[in-house]
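Reviewing the structure listed below.
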Amino acid sequence: MTARRRSARTAASAKAAAIDLDALGSVDAYFDELARWLDLEAVAERERMARRRQLRSQRDVERTGEALVRLQLVDHQTGLAGRLLLDFAKPGGEPLPMNRLKVGSPVVITDDGDPADHGVAGVVSRRKQNHLQVATEQWPEAKWYRIDLSPDETTRRRQLAAMATARTASGRRARLRDRLLGLLPLRFDDPPELDFYSDLNPPQQEAVRFAMSARDVAVLHGPPGTGKTTTLAEVVFQAVRQGQRVLACAPSNTAVDNLLERLVQMLPQVLRVGHPARVFEALRGHTLDELVDRDPATEVVRQMRREVQELVRAASRSGRGRDAHARRRELFSEAGQLRGQIRAQERSVIRNILDTADVVCTTTTIDDDLLGDREFDLVVIDEACQCTLPGVWQAVLRAERLVLAGDHCQLPPTVLSNDAVAAGMQDSLMQRLVQREGESVYRRLTVQYRMHEAIMTFSSNTFYDGSLVADASVAGHRLCDLPAVADLPLTQDPLLFIDTAGAEFEEQVETDGDSKFNPREANLIIDLVRQLTEAGVAPEQIAVIAPYAAQVRLLRNRLEDSLLEIDTVDGFQGREKEVVLLTMVRSNEVQEIGFLADTRRTNVALTRAKRSLIMVGDSATLASHRFYAELLEYFEQRSAYRSVWEFAEV
């Protein structure tokens, strides 16, 4: 059976297995199914963590990207709400290996020398090249530490609680729930006349008017580079201008901060709660931590924090023996009591700050203890296609009206359980609304400001009905137009596909793993990066994208410039670079392309480039799939197809 037929059969099987939520017929059946998905995902997460704990060598453990081992506790302090902020680093301050422990990620800290240690739960609160900071409520004790990405039980509990509330809701909450589930029709008023804050193009203006006319829910479909977040920020501005309170959400900290960065330029009372993924200098004054810290009542809290630190230091200096252990427990207990008093004092300050904010920005994993029972006139969710259905109900329950923004033609939510994927867990609320309601529920943005017209056109025709238009400012821009970049064939042409077919660029599989890599393809990418930098392209203007983590690891080990970004497709969602080199990796005799068959992933990779897209791959393997056959044909039509024999000795 060919790879193409296998892919088609797998897709048909998954479609047949997927649950038609609209056909379930009742609210109870709907939420029962969502709860089942969460159970499946919980099992998959626990199994993955168990497999990771069984890996023996440090290299094998850290290669997963989900664990760091042999760490030292190098510093600590007390943060907001009395939580402990613990800094971990490798001996000698050596750089941390590539990992997926991002700010906001739930983790567990354990004794690296004791496999039976159940550890202490925490959340990554800061990460740098050579250290990781974790916020936790307990003090872990060990000589050497291990930090693992943890099954996010807190998020799962919050989602289950929100779903239980939605299931039995009445009044406003029940009406919005039933309209989202298709049990009641969606309602729209006439589009209002608006005085726009931002300089929006006509499709963006229409999208804002449409969002403001929605009485229940509206969807803003933003293909790559079309200014989706700018448009959503304008919706928030218009709502605040009308006296409404807004909750602005996104599934990731990075997406929240991207929206926050625009909102703080438009509105005075914007508040960021949670763990900011990156807090630029201009944004720090809008974080809850900073505003609490500047409140006059916080001086008392600072003194109490200093007392907590002294107690913790005293406990860590305790000697050995039974009395010493008793003394340590006593000191930690006293520190815990003080942290409780700190929390009470801070709650009062936090409550006042929340009450005066026009816009509250947070991830969709909402801290319900922090926000209490606050409801909002408008809830917006950016990157809504990255949210699973169970993940949206915390935000939905707080909404009078809802606006979802995203692109269902790019990456879906991350779901670990194959059974949950087959049942439909990767299909977001936004995607389901678009499929069920059609154009009546959404407006698409069509003018894009990122890509050269030649880079844009294939994705436009394949995913967006040919509707995208490149703005005049970007339609013809090239690498050689950048200052100090030489005018060469490699910098003149916006598109290039280098075909490795027949050159024995065979894929390989990592030892003791299943991730793929292609050494000879990596060699070619390295040579192309060298040619680009010699032509004057700055390393920070270049991105190398690979669909497989093993290829990323190989390239990172060989391309050591810290300004050159090398990552998986998932890592570049929402990003852009002047030039993108895309290594497709797959090259085999049976024409198997694996998860490259999810063409939404490739759509993301193809649309990260602004001025130049260079793709390297084996046409004999890729063209077994119709999508890639059409993509290669597009490169040929654009006179952008070359054989590898023209670029290197093979």
| note | Within region 239-252, the residues that are surrounded by fewer than 22 Cβ atoms within 10 Å (Cβ to Cβ) and either out of contact with any Phe, Trp or Tyr (no Cβ under 9 Å at 6 or more places or on another chain) or not in a loop (DSSP other than H, G, I, E, B) (or both) are Val240, Arg241, Gln242, Gly243, Ser252
| said: Condition first: open to solvent by 20 Å² or more (accessible area, probe 1.4 Å) and either over 24 Å from Val270 (Cβ atoms) or among the acidic types (Asp, Glu) (or both). Now tell me which residues in region 202-224 satisfy that. | reply: Pro202, Pro203, Glu206, Arg215
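Condition check ((1) surrounded by fewer than 19 Cβ atoms within 10 Å (Cβ to Cβ); (2) in a loop (DSSP other than H, G, I, E, B)) across all residues:
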residue	(1), (2)
Leu311	no, no
Ala315	no, no
Ala326	yes, no
Glu330	yes, no
Asp355	yes, no
Val360	no, no
Gly391	no, yes
| note | Note on Ala503: of the conditions (1) among the aliphatic types (A, V, I, L, M); (2) over 20 Å from Val604 (Cα atoms); (3) at pLDDT 95 or above; (4) surrounded by fewer than 21 Cβ atoms within 10 Å (Cβ to Cβ), unmet is (3)
| Taking interchain pairs and intrachain pairs at least six residues apart, which have beta carbon atoms under 6 angstrom, with the first residue in region 632-647 and of a type in the set (Ser, Thr, Tyr) and the second open to solvent by less than 100 Å² (accessible area, probe 1.4 Å)? | Tyr634/Phe458; Tyr641/Phe497; Tyr641/Phe635; Ser643/Asp499
| All strands (runs of 3 or more DSSP E) inside region 543-650 with 3 or more residues being open to solvent by less than 10 Å² (accessible area, probe 1.4 Å) and in contact with a Leu (Cβ under 8 Å, 6 or more places away or on another chain) | 577-583, 609-617
| request: Filter region 137-173 down to residues that are assigned to a strand (DSSP E or B) and in contact with a Lys or Arg (Cβ under 7 Å, 6 or more places away or on another chain) and give me whichever is nearest to Asp112 (Cα to Cα). | output: Asp148
| request: Output the number of residues of region 397-430 satisfying the condition of being open to solvent by 20 Å² or more (accessible area, probe 1.4 Å) and in contact with a Cys (Cβ under 7 Å, 6 or more places away or on another chain). | output: 1
| field | From the options Ile381, Ile342, Ile366, residue that is over 27 Å from Arg177 (Cβ atoms) and surrounded by 15 or more Cβ atoms within 10 Å (Cβ to Cβ) | value | Ile342
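A quick yes/no check of all residues on (1) in a strand (DSSP E or B); (2) touching a residue at least 12 places away in the same chain (Cβ under 8 Å); (3) under 23 Å from the mean Cα position of the chain (by Cα):
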{"residue": "Glu33", "(1), (2), (3)": "no, yes, no"}
{"residue": "Ala42", "(1), (2), (3)": "no, yes, yes"}
{"residue": "Met49", "(1), (2), (3)": "no, yes, yes"}
{"residue": "Val69", "(1), (2), (3)": "yes, yes, no"}
{"residue": "Phe88", "(1), (2), (3)": "yes, yes, no"}
{"residue": "Pro115", "(1), (2), (3)": "no, yes, no"}
| field | Residue pairs meeting the criteria (Cβ under 6 Å; at least 6 apart or on separate chains; first without any contact (Cβ under 8 Å) to a residue 60 or more places away in the chain, in region 156-179; second open to solvent by less than 30 Å² (accessible area, probe 1.4 Å)) | value | Arg179/Asp216
| remark: Scanning region 84-105 residue by residue, the ones that are under 25 Å from Leu338 (Cα atoms) and surrounded by 20 or more Cβ atoms within 10 Å (Cβ to Cβ) total 3
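From the list Leu96, Leu101, Leu73, which one is within 30 Å of Glu299 (Cα to Cα) and touching a residue at least 12 places away in the same chain (Cβ under 8 Å)? Before the answer, list the steps.
On the way: Leu96 fails: within 30 Å of Glu299 (Cα to Cα); Leu101 fails: within 30 Å of Glu299 (Cα to Cα).
Every option except Leu73 fails the conditions.
The values are calculated or read from the model by the stated rules, or taken from the named source; none is laboratory data. All values reported here derive from a predicted model rather than from experimental measurement. In this analysis, Cβ positions are derived from the backbone assuming ideal geometry, glycine residues included, and neighbour counts consider all displayed protein chains. Surface areas here come from the heavy atoms of the whole protein model, side chains and all, with no ligands, DNA or RNA. Shrake-Rupley method; radii C 1.70, N 1.55, O 1.52, S 1.80 Å.
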